[in-house]
C-alpha cells in the first residue's frame with residue numbers, strides 16, 4: 001500500500017478539489033491512498049516550502065517559491081519524472097503564463113492545476129451599471145459611493161494585496177514592474193499607479209485595509225455593503241449558485257486605454273517533495289490531476305479553479321460557474337507574471353508591509369518608490385535562476 005501525504009490550503013478552491021481528485025485516482029489505483037491537510041491563505045503565500053517538504057509528499061504552492069525550489073533541492077524537478085508528451089500537453093494547454101510560472105533553474109517544479117489572476121468583481125444587483133472600464137472610472141465610482149452604508153467600492157489591501165494591486169496597475173498602465181534586475185518600477189508609471197491607489201484608499205470601504213480577497217468576497221455575499229471590487233485574485237466559487245447567499249459577477253481588471261491587459265497572475269501548482277518514497281507514482285498522480293478530463297470534470301465540480309484551457313472554454317463548466325472563466329479568460333491570457341528569483345519572497349513580504357503602511361499614511365509616491373527600489377536591490381534580483 002502506498003500512502004501519500006499532502007498539504008493544500010483552507011478554501012474549497014484549494015482543498016476540496018484536490019481531495020476529490022485524489023479519491024478519483026484511488027478508485028483507479030486502490031493500492032494508493034492520500035491524506036491531505038491544509039494551511040491558511042497567508043501561509044500559502046509565505047510559509048517555507050522546505051519545511052513543508054520535510055513532512056509531505058505533495059505541496060500545493062504559489063509560483064514565487066520557484067527560486068527556492070531551484071536552489072534548495074526540496075522538490076522534484078518534474079521534467080525528470082514526467083514524460084515529454086505530458087509536459088508538452090501542459091505547456092500547450094494551461095491558461096496564460098501559468099505553466100511558465102513554475103519554471104526556474106532550467107526545470108519545472110509544479111503542475112499548474114489551478115489558475116487565477118487579479119480580476120474585477122461586482123454584485124450585479126447592486127452595481128446597476130456596467131463595471132468601470134478604466135481606473136479613473138473606478139475612482140469616480142468609489143468617490144460617488146464613499147460614506148454610504150451600502151453598495152460601496154472595496155479593495156482587499158492587506159500588505160501582500162497592496163503590493164499585488166500596485167503591480168497590476170503598473171502592468172495595466174503599460175510598464176510592468178520588476179522586469180529587470182536594475183529597476184523595480186519606472187518613475188512615471190510607478191507614480192501614476194501610486195497616485196491611483198492613494199485616491200482609492202480615501203474612498204473605499206473602511207475595512208478594505210484589513211481584508212484579503214476571500215474576506216472581501218465573503219462580505220460581498222453576506223451583506224449589501226459592497227457593489228464593486230476593481231482588482232483581487234479571482235475565485236470562481238463565488239460565482240456559483242449556492243456557494244454563498246449571493247453570487248458575484250467577474251470581469252477583467254479595469255484598463256487604461258489599451259484592451260486586454262491582465263492583472264497579477266496567481267494560481268496554484270502541484271509539486272512533489274524530493275523526500276517522497278514513491279516518485280514515479282507521485283508523478284503519475286500529478287499528470288492525472290493536471291489532465292484536461294480531470295480538470296474539466298471532478299476537479300472543477302468539486303470546487304476547483306482549473307489551470308487547463310479545456311475547463312476555461314467549456315460551456316458546461318462556465319454554466320456551473322456563472323461564466324466566470326469565459327468572462328476573465330482574456331485577462332489571464334495576458335496576466336503579469338511576478339519574478340521567481342531566490343530573494344523575491346522576502347522582498348514581497350517587506351515591500352507589501354512598507355506599501356501598506358505608506359498607503360494609509362498618505363505618503364507621496366517619490367518617497368515610497370525610493371524605499372521600494374532600495375528593498376528590491378537589497379533582495380539581490382537574479383533573473384538567471
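The values are calculated or read from the model by the stated rules, or taken from the named source; none is laboratory data. Given the structure is predicted, the values throughout are model-derived calculations rather than measurements. Virtual Cβ from ideal backbone geometry, glycine too; neighbours counted across all protein chains shown.
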| message | Against the definition (surrounded by 22 or more Cβ atoms within 10 Å (Cβ to Cβ) and within 18 Å of residue 132 (Cβ to Cβ)), how does residue 162 come out, yes or no? | response | no
| query | Out of the residues in the range 39-53 that are in contact with a strand residue (DSSP E or B) (Cβ under 8 Å, 6 or more places away or on another chain) and exposed (fewer than 15 other Cβ atoms within 10 Å of the Cβ), which is nearest to residue 349 (Cα to Cα)? | reply | 43
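Looking at the range 222-248, which of its residues are more than 23 Å from residue 299 (Cβ to Cβ) and surrounded by 17 or more Cβ atoms within 10 Å (Cβ to Cβ)? Working first, answer last.
Initial filter on the range 222-248 (more than 23 Å from residue 299 (Cβ to Cβ)): 222-231, 245-246.
Hits for the range 222-248 are 225, 226, 227, 228, 229, 230, 231.
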| request: Considering every residue within the range 147-159, establish whether at least one is assigned to a helix (DSSP H, G or I) and either outside the structural domain of residue 233 (by TED's automatic domain parsing) or crowded, with 18+ Cβ neighbours inside 10 Å (or both). | output: yes
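Table: residues versus (1) part of a helix (DSSP H, G or I); (2) within 16 Å of residue 290 (Cα to Cα); (3) at pLDDT 95 or above.
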site: 17; (1), (2), (3): yes, yes, yes
site: 21; (1), (2), (3): yes, yes, yes
site: 26; (1), (2), (3): yes, yes, yes
site: 33; (1), (2), (3): no, no, yes
site: 36; (1), (2), (3): no, no, yes
site: 42; (1), (2), (3): yes, no, no
site: 79; (1), (2), (3): yes, yes, yes
site: 96; (1), (2), (3): no, yes, yes
site: 101; (1), (2), (3): yes, yes, yes
| query | Can you name the helices (runs of 4 or more DSSP H) wholly within the range 234-333 that have at least 2 residues being in contact with a strand residue (DSSP E or B) (Cβ under 8 Å, 6 or more places away or on another chain)? | reply | 279-290, 309-312, 324-333
| request: Among the numbered conditions (1) in contact (Cβ under 8 Å) with a residue 40 or more places away in the chain; (2) part of a helix (DSSP H, G or I); (3) farther than 25 Å from residue 349 by Cβ, tell me where residue 203 comes up short. | output: (2)
| query | surrounded by fewer than 24 Cβ atoms within 10 Å (Cβ to Cβ) and either part of a loop (DSSP other than H, G, I, E, B) or out of contact with any helix residue (DSSP H, G or I) (no Cβ under 6 Å at 6 or more places or on another chain) (or both), is that true of residue 219? | reply | yes
| note | Going through the range 11-25 in order, the residues found to be in contact with a helix residue (DSSP H, G or I) (Cβ under 8 Å, 6 or more places away or on another chain) and over 15 Å from residue 305 (Cβ atoms) are 22, 24, 25
| said: Go through (1) under 27 Å from residue 207 (Cα atoms); (2) in contact with a strand residue (DSSP E or B) (Cβ under 7 Å, 6 or more places away or on another chain); (3) outside the structural domain of residue 11 (by TED's automatic domain parsing) for residue 385 and report which single condition fails. | reply: (1)
